[in-house]
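Peer 1: Below is the structure I would like to discuss, written out as structure tokens.
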Amino acid sequence: MNPDVHVSRFGVIDGELRVGGMRLSLLASRMGSTPFFAYDRALLDARIDLLRSVLPTKVQLSYAMKANPMPALVQHLANRVDRIDVASALEMQVALDTVIRPGLVSFAGPGKAPAEIRQAVAAGILIEVESTTEIERVIGAGSELGVTPSVAVRVNPDFSVKGSGMRMGGGPQQFGIDAETVPDVLRTYRGAGLDIQGFHVFAGSQNLNASIIAEAQRKTVNLVATLAEHLEEPIRYLNLGGGFGIPYSQKDEPLDVDAVATNLHDLVHGEIDRLMPTATPVIELGRYLVGECGVYVTRVLDRKISRGRTYLVVDGGMHHQLAASGNFGQAIRRNYPLVVGNRVEASLGERATVVGCLCTPLDLLGDDVELPPAEIDDLIVVFQQGAYGLTASPTAFLGHPAPGEALV
């Protein structure tokens, strides 16, 4: 997507990018140093408002905290979403410190440690079990604590989703219990002291194709309707996953969320109401909620010419921006949208390569991008940085200071 689209989303003041209503240079001054991440709460609210306006009212919105666990951001979202999904004891604690009640916090992910399971059972969190080992541990924790644990079965579906950034269902997977074995598992643990509320099916992430997401949701509803027949009690929890993607490069087209919502209306008022009237459908989103509200800001330390190519060396880089740099060279790298944030209205005048301060050629934020001529101390802004930025990057690599974060 063209950087101008992102600039217009945040806005401009006196020729500078605006974040949270504040001029970029003023924000940088208040942060004290670069690099830093900044998240615009107005854009967060706008994304929630958009989803609320198009999704069926029966559908609950869950925030997948793994996308961005910054406590202030999570606290803000907790007042706007219905549920929170966590993937560790630390994330669990952040969720429990919000206004969301424990029964609306779900705990997913393979390899939950016994101590984490015990904490979740004690807190009354919904545990999405991914294996029979986890089920046994949940039962043991419930017996020890004298409570009935709340669980949902995460299902590895018998279908896969094309076009996803990461495929998380279909074929052999570390995620969930294979769909064909779920009926036997439910029979085995019938009467074992568990409150099995329903199912979670998450087939893939970062998908920009509405028709593919709609197809996955339809297949998920059909699968869960069959599995729900094996529950002791009527199904109450139907987590359809998420997978809504955001555009990262100029080749990417934004997701048609209206088309996804239309399909959900058909499902909710059709198969779900007819086959599973007691079920609460849940859409679990991380990147789509927070990804486009964030920026990464880094300062030009050096400007140099090497055999005709202009390099802008900045004080940030791959150690904060693993995804934007290309994931240690293991992915086909495409430039994320970036601008010279303190001069966004200046005319484009040169092509430059933006590199970080690490001693590796993989430390690359923008390869041969068209920018206004940038000088030392200018601020480079990378967009689409609200999700999988700081906590998904190797911050300890080469020992540089950690970046700041601000919700503005």
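Peer 1: Cβ contacts < 9 Å: first residue touching a residue at least 40 places away in the same chain (Cβ under 8 Å), restricted to segment 31-57; second residue assigned to a helix (DSSP H, G or I) and of a type in the set (Ser, Thr, Tyr), any location; separation 6+ or different chain. Result?
Peer 2: Arg47/Tyr288; Leu51/Tyr288; Val54/Thr262
Peer 1: In segment 4-19, how many residues are of a type in the set (S, T, N, Q) and either surrounded by 13 or more Cβ atoms within 10 Å (Cβ to Cβ) or in contact with a Leu (Cβ under 9 Å, 6 or more places away or on another chain) (or both)?
Peer 2: Residues meeting the conditions: 0.
Peer 1: Counting just the residues of segment 142-172 that are crowded, with 20+ Cβ neighbours inside 10 Å and among the hydroxyl-bearing types (Ser, Thr, Tyr), which one comes out modelled with the highest pLDDT?
Peer 2: Taking the candidates together, the pick is Ser150.
Peer 1: Please go through segment 274-304 and pick out each residue that is out of contact with any helix residue (DSSP H, G or I) (no Cβ under 7 Å at 6 or more places or on another chain) and aliphatic (A, V, I, L, M).
Peer 2: Scanning segment 274-304 gives Val282, Ile283, Leu285, Val295, Val300, Leu301.
Peer 1: I'd like the full set of residues that are closer than 23 Å to Ser143 by Cβ and touching a helix residue (DSSP H, G or I) at 6+ places or on another chain (Cβ under 8 Å), limited to segment 187-225.
Peer 2: Of everything in segment 187-225, those that are closer than 23 Å to Ser143 by Cβ and touching a helix residue (DSSP H, G or I) at 6+ places or on another chain (Cβ under 8 Å) turn out to be Thr188, Tyr189, Ala192, Gly193, Leu194, Ile196, Gly198.
Peer 1: Can you confirm whether Met31 is touching a Gly at 6+ places or on another chain (Cβ under 6 Å) and in the same structural domain as Pro401 (by TED's automatic domain parsing)?
Peer 2: Yes; evaluated as a whole, the condition is true for this residue.
Peer 1: Output the number of residues of segment 252-273 satisfying the condition of being more than 22 Å from Leu77 (Cβ to Cβ), outside any helix (DSSP H, G or I) and touching a helix residue (DSSP H, G or I) at 6+ places or on another chain (Cβ under 7 Å).
Peer 2: Counting residues in segment 252-273 that are more than 22 Å from Leu77 (Cβ to Cβ), outside any helix (DSSP H, G or I) and touching a helix residue (DSSP H, G or I) at 6+ places or on another chain (Cβ under 7 Å) gives 1.
Peer 1: Which of the residues that make up segment 62-102 are within 14 Å of Glu284 (Cα to Cα), surrounded by fewer than 21 Cβ atoms within 10 Å (Cβ to Cβ) and in contact with a helix residue (DSSP H, G or I) (Cβ under 6 Å, 6 or more places away or on another chain)?
Peer 2: Arg80, Ala87
Peer 1: Here's another thing I want to ask about it. Would you pick out the residues in segment 290-312 that are surrounded by fewer than 19 Cβ atoms within 10 Å (Cβ to Cβ) and over 30 Å from Pro69 (Cβ atoms)?
Peer 2: Across segment 290-312, the qualifying residues are Asp302, Arg303, Lys304, Ile305, Ser306, Arg307, Gly308, Arg309, Thr310, Tyr311.
Peer 1: Here is a further query. Hey, could you check segment 313-344 for residues that are hydrophobic (A, V, I, L, M, F, W, C) and under 21 Å from the mean Cα position of the chain (by Cα) and say which is surrounded by the fewest Cβ atoms within 10 Å (Cβ to Cβ)?
Peer 2: Among residues in segment 313-344 that are hydrophobic (A, V, I, L, M, F, W, C) and under 21 Å from the mean Cα position of the chain (by Cα), the one surrounded by the fewest Cβ atoms within 10 Å (Cβ to Cβ) is Ile332.
Peer 1: Which residues, counting only those in segment 10-56, are of a type in the set (Gly, Ala, Ser), farther than 30 Å from Ala261 by Cβ and assigned to a loop (DSSP other than H, G, I, E, B)?
Peer 2: Of everything in segment 10-56, those that are of a type in the set (Gly, Ala, Ser), farther than 30 Å from Ala261 by Cβ and assigned to a loop (DSSP other than H, G, I, E, B) turn out to be Gly15, Gly32, Ser33.
Peer 1: Being in contact (Cβ under 8 Å) with a residue 40 or more places away in the chain, in contact with a Lys or Arg (Cβ under 6 Å, 6 or more places away or on another chain) and assigned by TED's automatic domain parsing to the domain that holds Ser29 is the requirement here; does Ala374 meet it?
Peer 2: So Ala374 does not fit the description; no.
Peer 1: Residues in segment 380-389: is at least one more than 18 Å from the chain's Cα centre (by Cα) and in the same structural domain as Asn335 (by TED's automatic domain parsing)?
Peer 2: The answer is yes, given that some residue of segment 380-389 is more than 18 Å from the chain's Cα centre (by Cα) and in the same structural domain as Asn335 (by TED's automatic domain parsing).
Peer 1: If you scan segment 251-289, which residues turn out to be closer than 30 Å to Gly366 by Cα and loosely packed, with under 14 Cβ neighbours inside 10 Å?
Peer 2: Lys251, Glu253, Pro254
Peer 1: Further question: Only one residue in Ala95, Ala72, Ala67 is modelled with pLDDT of 95 or more, touching a Gly at 6+ places or on another chain (Cβ under 6 Å) and either on the phi > 0 side of the Ramachandran plot or not assigned by TED's automatic domain parsing to the domain that holds Leu255 (or both). Which one?
Peer 2: Ala67
Peer 1: On to the next question. Could you list, in sequence order, all residues of segment 209-239 that are outside any helix (DSSP H, G or I) and either acidic (Asp, Glu) or more than 25 Å from the chain's Cα centre (by Cα) (or both)?
Peer 2: Those that are outside any helix (DSSP H, G or I) and either acidic (Asp, Glu) or more than 25 Å from the chain's Cα centre (by Cα) (or both): Glu229, His230, Leu231, Glu232, Glu233, Pro234, Ile235.
Peer 1: Within segment 173-200, take every residue that is farther than 29 Å from Leu145 by Cβ and surrounded by 14 or more Cβ atoms within 10 Å (Cβ to Cβ) and give me the one that is modelled with the lowest pLDDT.
Peer 2: It comes out as Gln173.
Peer 1: Under 7 Å between Cβ atoms, at least 6 apart or on separate chains: pull out the pairs that start in segment 206-229 with a residue that is closer than 30 Å to Lys251 by Cα and end on any residue that is at pLDDT 95 or above and among the basic types (Lys, Arg).
Peer 2: Filtered contacts from segment 206-229: Gln206/Arg287.
Peer 1: For segment 57-80, give me each residue that is touching a strand residue (DSSP E or B) at 6+ places or on another chain (Cβ under 8 Å) and under 21 Å from Asn263 (Cβ atoms).
Peer 2: Lys58, Val59, Gln60, Leu61, Ser62, Ala64
Residues are listed down the side, and each one gets a yes or a no for (1) surrounded by 17 or more Cβ atoms within 10 Å (Cβ to Cβ); (2) assigned to a loop (DSSP other than H, G, I, E, B):
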{"site": "Ala346", "(1), (2)": "no, yes"}
{"site": "Ala352", "(1), (2)": "yes, no"}
{"site": "Cys359", "(1), (2)": "no, yes"}
{"site": "Asp368", "(1), (2)": "no, no"}
{"site": "Pro373", "(1), (2)": "no, yes"}
{"site": "Ile376", "(1), (2)": "no, yes"}
{"site": "Gln385", "(1), (2)": "yes, yes"}
{"site": "Pro394", "(1), (2)": "no, yes"}
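The values are calculated or read from the model by the stated rules, or taken from the named source; none is laboratory data. Since this is a predicted model, take the numbers as computed values, not measurements. No Cβ is skipped: glycine too gets one built from the backbone with ideal geometry, and neighbour counts run over all protein chains shown.
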